[in-house]
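To start, the structure under review is shown below, and the notes come after it.
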Amino acid sequence: MFWFQLWREYKLSIAELLAVFPKWKTVYFDKEILILDSIDKEKIIKKSNTLWWTIKIIEITNKSIVNFAENHDWKFNYWLSIFWKKKSLKTELMSIKKDLKSIWINSRFINKDFKPLSSAQIIAEKLVKKWTDFSYIYTDTNQYIWTTIWIQDINAYSKRDYSKDRDMQTGMLPPKLCQIMLNIAWWNSIYDPFVGLGTVLIEWALQWRLNLYWSDLNEKMVELSKSNLLSFVKENNIKLENYDFFKLNSKFINEADIINNWKVESIVTEWYLWEIMTKKNISIVRIEKQRESLKQLYKLFFENLSKTWYNWNLVICFPFWDLRWKYQYFNDIYHIIENYCEVIKLFPNIDDITTNKWSLLYKRDNQLVWREIFKLKIKNNK
Ligand SMILES: C[S@@+](CC[C@H](N)C(=O)[O-])C[C@H]1O[C@@H](n2cnc3c(N)ncnc32)[C@H](O)[C@@H]1O
């Protein structure tokens, strides 16, 4: 059994994990953890670096901490976290130290003040490599011991999400969210018809590298995203397999040759979110106006796409608004989706997770225009 420690927005974390490990059995979940069973450990380790919304992966063990210590020939450095029971960590650690001393094992628990360790400390102390970051998990009847087998490299992670050259500019898709969308879409070729600065391209190149296509209404964005992508792959020594780009008004998506030639297997895109609103100028009238103009674009896109042979996935973000703590969803888009698409469930085996319309919501505290993410399959009318 493996335990995945989730980020604060736990539904996004779970959706990503179920997309990356689709065949495995969900044993338990709550807002902090997901437990999966029947997973091959090698596969987890192999895929762990494509996970963006998991903090730690830990594995259940039937060994005690003393058993682990017996196989160490250096000073036994370790850490322990306690879950699900308000047991005193200090008392627990003292008693382990005593047990280890009685068999002549010299040990040191990191953080003498008993405060939880950060991911950066765990990495710096090499606890995961040595299998000595432990967790005790108490249920009503049992106590289980787990060891950490992978931890998110928080430094590399922050660098990728906020690196200077890809700073959060107006309208840019957050890279961390983009990775979830790509994990959910998961296929051999990706097309972004609203490419903007090219976040989808860069994140795709980083993980998958296969066939990549993009377009935009604005020729400048087509070129800018190309130069962003090419300088990124050069800097990171990445070899792209195949790519192509063109100018296109996505209202007429049915005119894209790559769609008609069966080259695209997944469309991953963030649509035009329109205007960024502030607390001072946000109002229902303004929201209505934006919904009205976006609706026309969205309707034509789906209507025309359904006239083609394209029958693969679309993973797409739509805007919704926070008007004084009340969510204003884009209801018109739900009708359009109903007409032209099937919504794919992101939590196929978990009935207890409820979401708005089988979608995922992505919010940032300091913004008022938020994102609703759908996985869709087009109903072809051809
Ligand atoms: C919000 S930006 C996308 C940002 C992108 N996801 C990124 O992270 O860089 C929206 C893009 O949609 C393009 N756009 C707007 N209307 C369009 C249309 N009808 N067809 C194609 N592209 C369009 C704009 O030129 C802009 O580049």
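Before moving on, here are some points about what is shown:
- The packing ranking, built from the mean of other Cβ atoms within 10 Å per residue, places the peptides 196-208, 51-63, 360-372 in the order 196-208, 51-63, 360-372, highest first.
- Contact order for the chain, expressed relative to its length and based on alpha carbon pairs under 8 Å spaced 6+ residues apart, stands at 13 percent.
- Ranked list, fewest to most other Cβ atoms within 10 Å of each Cβ, for ASP37, ASP322, ASP192: ASP37, ASP322, ASP192
- Packing-based ranking, highest mean first, of 263-269, 282-288 given that Cβ atoms within 10 Å are counted: 263-269, 282-288
- With 21 Å as the limit on Cα-Cα distance, the pairs of LYS31/LYS86; LYS226/LYS307; LYS220/LYS280; LYS357/LYS379; LYS220/LYS379 that go past it are LYS226/LYS307; LYS220/LYS280; LYS220/LYS379.
- Charging the Cβ of each Asp and Glu at -1 and of each Lys and Arg at +1, and nothing else, the dipole of the chain about its Cα centre rounds to 940 debye.
- Working note: Cα gyration tensor of region 329-379, eigenvalues times five, square-rooted, sorted largest first, giving semi-axes of 20, 17, 8 Å.
- Region 301-318 - phi-based ³J(HN,Hα) in whole Hz, Karplus 6.51/-1.76/1.60, Gly and Pro as x: 4, 5, 4, 6, 5, 5, 7, 9, 8, 4, 9, 9, 7, 10, 10, 9, 9, 10
- Relative contact order (%) - criterion: Cα under 8 Å, at least six apart; region: region 2-156: 26
- Maximal additional length on extending the MET1-LEU210 stretch stands at 72.0 nm, based on 0.36 nm per residue less the C-alpha distance.
- Exceeding the 18 Å Cα-Cα cut-off - candidates LYS47/LYS239; LYS25/LYS345; LYS251/LYS375: LYS47/LYS239; LYS251/LYS375
- With θ taken as phi - 60° and the Karplus curve 6.51 cos²θ - 1.76 cosθ + 1.60 applied, the whole-hertz 3J(HN,Hα) list for region 41-49 is 4, 4, 5, 4, 4, 4, 8, 4, 6 Hz, x standing for glycine and proline.
- The translational diffusion coefficient of the chain, from Stokes-Einstein at 4 °C and 1.567 mPa s with a Kirkwood hydrodynamic radius over alpha carbon pairs, comes to 56 µm²/s.
- Inter-site label distance for GLU288 and LYS130 at 7 Å from Cα along Cβ, in nm: 6.5
- Taking only the C-alpha atoms of region 198-282, Rg followed by Dmax gives 14.8, 48 Å.
- Using θ = phi - 60° and Karplus 6.51 cos²θ - 1.76 cosθ + 1.60, couplings along region 289-298 (whole Hz; Gly, Pro as x): 4, 5, 4, 4, 6, 5, 4, 4, 4, 5
- For the chain, the mean residue ellipticity at 222 nm estimated from helices alone is -10000 deg cm²/dmol, where every DSSP H run of n ≥ 4 contributes -39500 (n - 2.57) and the total is divided by all residues, rounded to the nearest 500.
- Rh by Kirkwood over Cα pairs, then Stokes-Einstein D for region 163-378 at 1.002 mPa s and 20 °C, µm²/s: 120
Read-outs throughout are calculated quantities, based only on the coordinates presented, and are distinct from any laboratory measurement. Because the structure is predicted, anything quoted here is derived from the model rather than measured. Because the Cβ atoms are built from the backbone with ideal geometry, glycine has one as well, and the counts that use them run over all protein chains shown.
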